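Derivation of every value follows stated rules applied to the coordinates shown; laboratory data play no part. As the structure is a prediction and not an experimental result, all values here were calculated from the model. Here the Cβ positions follow ideal geometry from the backbone for every residue, glycine too, while neighbour counts run over all protein chains shown.
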Amino acid sequence: MNKILVLGGSGFVGRSVCERLVRHGLAPVVPTRRLAHATHLRTLPGVELVQASVHDAVSLAALAQGCDAVVNLVAILHGTPAQFDAVHRALPEALTRAMHGAGVRRLVHVSALGVAPYAPSHYLRSKAAGEAALQAGGLALTILRPSVIFGAHDRLLNLFAALQAVAPVVPLAASHVHFQPVWVEDVAEAVVRTLADGRWAAPGEGRTIECAGPQVLPLAEIVRLAGRLAGHERPQIALPGWAARAQAFVLERLPGVPLMSRDNLDSMKVPSVASGRLPGLADLGITPATIGAVAPGYLAPGQGVARLDGWRALHR
């Protein structure tokens, strides 16, 4: 195994996956609609960037040719029911056809905890439909189901830290919902280990692994941790259900990527916590990291992008 097609390789998780693949002597092939979106991968030796849309069947078939395996990381958190279906179900179906056409059998697919055909959100239901499509595809399949993922480039802790830097108080929806946050590097290592070890692949239904960190935390505590580590923890106001839904309705209509949507709230009706009935990171020989062990390295004052604050002050 040498050449690995990584769908979604230019994203948050994809960056870490590509770094791990290169470290293990593998050659990632990363398609992207715009090469400028993947410039951060150019410094990795052996990474091949290809300008292509993975949602185009002809392009996808061409991308799969000559590859030894595929990693699918493509997902969206916000969108219409049709958009969720296109990304989470139709793409896996098209990927299955492309892999069979190219003679590629090995696939690692990153899904999410809480997926189910009758889950309360479009996100979780479409993710479940994607898993089902792959399980029916006859591939040598491994499915990874992570909880919320944190890391230096995340949109979880960084977002809550940034909000608390400017807001005197945080009006928080679904503050009681529990998560089991997992470090992006642990998820990336799980991808590489399952890819390399055929025992974690099976035809038909494949093998499913829950990727969760060592701590089960309510959202309110995750927000407090983000603020505390960044040096500006703010008081919280736990929003009742009706107010949370109104807040999400407004936020999803603002320009840019929404901070929250009503579908996100629906997803949070299901705790993002490992069931314990499936293999986990420990079964892969991975000891998952805590937020407290990792996040200070990029949230604490003077760390991450804040290391340039002194230079900026001198050049104002």
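Observations on the structure shown:
- Whole-angstrom Cα spans of the range 69-147 along principal axes, big to small: 36, 23, 18
- In order along the range 209-226, phi translates into HN-Hα couplings of 10, 8, 9, 9, x, x, 10, 9, 10, x, 4, 4, 6, 4, 5, 4, 4, 4 Hz, rounded to whole numbers, per the Karplus curve 6.51 cos²θ - 1.76 cosθ + 1.60 with θ = phi - 60° and x for Gly and Pro.
- Centre-to-centre separation between the Cα atoms of the range 228-303 and those of the range 104-167: 13 Å.
- Full-stretch length increase - ALA116, HIS24 - with 0.36 nm per residue and alpha-carbon distance subtracted: 29.7 nm
- Charging the Cβ of each Asp and Glu at -1 and of each Lys and Arg at +1, and nothing else, the dipole of the chain about its Cα centre rounds to 380 debye.
- Distance histogram for the chain (every C-alpha pair counted, 20 angstrom bins, percent rounded to whole numbers): 31, 59, 10, 0
- Working from label points 7 Å from Cα in the Cα-to-Cβ sense, the ARG207 to LEU35 distance is 3.8 nm.
- The residues TYR298, TYR123, when put in order of fewest to most other Cβ atoms within 10 Å, stand as TYR298, TYR123.
- For the range 118-170: span of alpha carbons on each principal axis (Å, largest first): 52, 26, 11
- Signed unit charges on C-beta, dipole axis of the range 51-118, positive-most listed residue PRO81, LEU107, PRO92: LEU107
- Charging the Cβ of each Asp and Glu at -1 and of each Lys and Arg at +1, and nothing else, the dipole of the range 79-208 about its Cα centre rounds to 280 debye.
- The DSSP beta bridges internal to the chain are antiparallel in roughly 10% of cases.
- Cα-based radius of gyration of the range 120-212 once divided by 2.2 N^0.38 Å, which approximates compact folds: 1.38
- Look at the dipole of the chain built from charges on Cβ: of PRO301, ILE286, ILE209, the Cα furthest out on the positive end belongs to PRO301.
- Two-decimal Rg to Rh for the range 11-144 - Kirkwood Rh, Cα set: 0.95
- As a size descriptor, the averaged projected area of the C-alpha convex hull of the range 16-71 was calculated at 3.8 nm².
- Semi-axis lengths, largest first, of the ellipsoid equivalent to the range 102-260 are 34, 19, 13 Å, with √(5λ) applied to each eigenvalue of the Cα gyration tensor.
- In plain terms, the chain from ILE76 to HIS178 could stretch by 34.6 nm, reckoned as 0.36 nm per residue minus the Cα-Cα distance.
- Counted by neighbouring Cβ atoms within 10 Å, the residues CYS67, CYS18 run from fewest to most as CYS67, CYS18.
- By other beta-carbon atoms within 10 Å, ranking LEU77, LEU7 with the fewest at the front produces LEU77, LEU7.
- Expressed per residue, the C-alpha convex hull volume of the range 157-211 stands at 108 Å³.
- Rg over Rh, two decimals, the range 181-244 (C-alpha only, Kirkwood Rh): 1.19
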